[in-house]
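The values are calculated or read from the model by the stated rules, or taken from the named source; none is laboratory data. Quick caveat, the model's predicted, so the values are computed rather than measured. Cβ placement follows ideal geometry from the backbone for every residue including glycine, while neighbour counts extend to all protein chains displayed. With ligands, DNA and RNA removed, areas are computed over all heavy atoms of the protein, side chains included. Shrake-Rupley method; radii C 1.70, N 1.55, O 1.52, S 1.80 Å.
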Amino acid sequence: MVMGEAGSGSARRGSQPNGLEETMRGRLGRECVYVPSCRLGLFVALRHWCPPGGRVLMSPVNDDVIFFVVLAAGLRPVQAPLNPLDASIDVAAVPEETWGTLSAVLTTNLYGNPDPAPELRARCDALGIPLFEDAAHAIGSEVGGRPVGAWGDASVFSLSKHVGAQTGGILSVADPELRETLRDTRDALLTPSRTASELAHAVRPYAEAAVRRLGLRRAAWATLGLLGLAERDGIRMPLRPEALAGAVRAAPDLTAHDPWVRVDMHTYRQTSGPLRLRRVRRCLGRLDEVLEASREGTELLWSTRWARPPEHGRAQPLFRVPLLVADRDAAIAALARRGIVVGYLYDPPLDDYAGEEFTDPSPAPEAARWFARHALPVDPLRAREAVEVLERSGARPADLPRGLARPGATANGPGPSRD
């Protein structure tokens, strides 16, 4: 039983969606466990492999929810130095003395751009610690000739992103013998399915379509605010450090951290009912079509003057393409006037956001700060519209400061700087 939780592993409340697990097993070639959300899957993995008080190397340009999941697992986040062009972990810039203090490494694969999993796998093997892959944005990406998610001891996928189901996730593991143990841990954390929540999820696609068709985005967000359902005034949720310190003292305990972990998804640990599972199956069946369209949009966006693509290889089917613009706020406003909403911003970096009370700061924070300030995550499925808007608005590419440029390197590959 996981500390501080309610529920019973014997109930097997979440073991019904075997078809989804089999589909993902076919894609990854490893055992998979369905979870109601990527964040719950990550918590299950962290609790299984890491001792309380352990230290986890992670990216500071990441969703704050993931940061709080690490804290909920009773672990200390350690912020990594990053490549300034794609926010992947800069393995060579991690101090040697840091490696020996770690209990695990957690990748982000931000927007689908892969972290250097082969190098991180080698480091983790040498240290005898697990590698976890957060593949929420990277269900179709590859690195080192293998799918993202096929390198770690465990990897977690979101079925809300490329799949578009707005619910569900997959926990994938290298060791097939762990499948039942992890299922039991998942089941102990689940809360019961609720009819009202299932019905709301079923009608959500139609409500969203109506909002898009009628141009009511602003009114919809205002209504969410009045109802108390919009929990962020800015990019990051309120930290509430005094309350968070109390939750950290109770860790490992997911319930104590629930006010932070549930933000944007209050059903993150709720058992998936038949309506949700039906939608997940339907959306998963269209995944290859979505990935191909995402790849085409990525190629178009990579061809623009705001992009820093890798020098070699076919475009990844990115979830969002991080264009690097000088004035991001102006670009966001221009896109909004066209009805293109920019989300998935992670600014400021987690060490600036949370402070040393809750995390070890990056030894080289400027690259993360620069990327977080200038990255404009564009949906590749709306690439042509976005390019047209940015051209008309006069958006300028962001210039990489000379102090951040690494000789002979660009994002995800060798080559000269494009400044």
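Observations on the model:
- Total residues in the stretch 121-135, condition open to solvent by less than 10 Å² (accessible area, probe 1.4 Å) and of a type outside the set (D, E, K, R): 4
- On the stretch given as the stretch 37-55, residues that are open to solvent by 10 Å² or more (accessible area, probe 1.4 Å) and part of a helix (DSSP H, G or I) total 5.
- Candidate set: the stretch 388-419, residues that are assigned to a strand (DSSP E or B) and surrounded by fewer than 15 Cβ atoms within 10 Å (Cβ to Cβ); chosen: the one modelled with the lowest pLDDT: Pro414
- Of all residues in the stretch 271-295 being of a type in the set (Gly, Ala, Ser) and open to solvent by less than 20 Å² (accessible area, probe 1.4 Å), the one that is nearest to Lys161 (Cα to Cα): Ser294
- Members of the stretch 266-295 that are without any contact (Cβ under 8 Å) to a residue 12 or more places away in the chain, part of a loop (DSSP other than H, G, I, E, B) and within 25 Å of Asp184 (Cα to Cα): His266
- Among residues of the stretch 18-42 that are touching a residue at least 12 places away in the same chain (Cβ under 8 Å) and farther than 15 Å from Leu287 by Cα, those with a beta-carbon under 6 Å from a residue that is open to solvent by 30 Å² or more (accessible area, probe 1.4 Å) and among the basic types (Lys, Arg) at least six positions away or on a different chain give the pairs Glu31/Arg179; Cys32/Arg25.
- Of the residues in the stretch 332-346, at least one is within 27 Å of Ala73 (Cα to Cα), at pLDDT 95 or above, open to solvent by 40 Å² or more (accessible area, probe 1.4 Å) and outside any helix (DSSP H, G or I).
- Asp115 vs. criteria part of a loop (DSSP other than H, G, I, E, B) and either within 17 Å of the chain's Cα centre (by Cα) or of a type outside the set (Val, Ile, Thr) (or both): yes
- The residues of the stretch 296-308 that are part of a loop (DSSP other than H, G, I, E, B) and open to solvent by 20 Å² or more (accessible area, probe 1.4 Å), listed by number, are Ser303, Arg305, Arg308.
- Any hit, the stretch 373-382, residues being part of a helix (DSSP H, G or I), within 19 Å of Asp63 (Cβ to Cβ), open to solvent by 20 Å² or more (accessible area, probe 1.4 Å) and among the charged types (D, E, K, R): yes
- In the stretch 62-103, the qualifying residues are those that are assigned to a strand (DSSP E or B) and within 26 Å of Arg240 (Cβ to Cβ), and the one that is most open to solvent (accessible area, probe 1.4 Å) is Arg76.
- Checked against (1) surrounded by 17 or more Cβ atoms within 10 Å (Cβ to Cβ); (2) more than 30 Å from Trp260 (Cβ to Cβ), Glu385 passes all but a single condition, namely (1).
- Test result for Leu28, under 26 Å from Ser272 (Cα atoms) and in contact with a His (Cβ under 7 Å, 6 or more places away or on another chain): no
- Arg314 vs. criteria touching a Lys or Arg at 6+ places or on another chain (Cβ under 8 Å), of a type outside the set (Asp, Glu), surrounded by fewer than 16 Cβ atoms within 10 Å (Cβ to Cβ) and farther than 28 Å from Val44 by Cβ: yes
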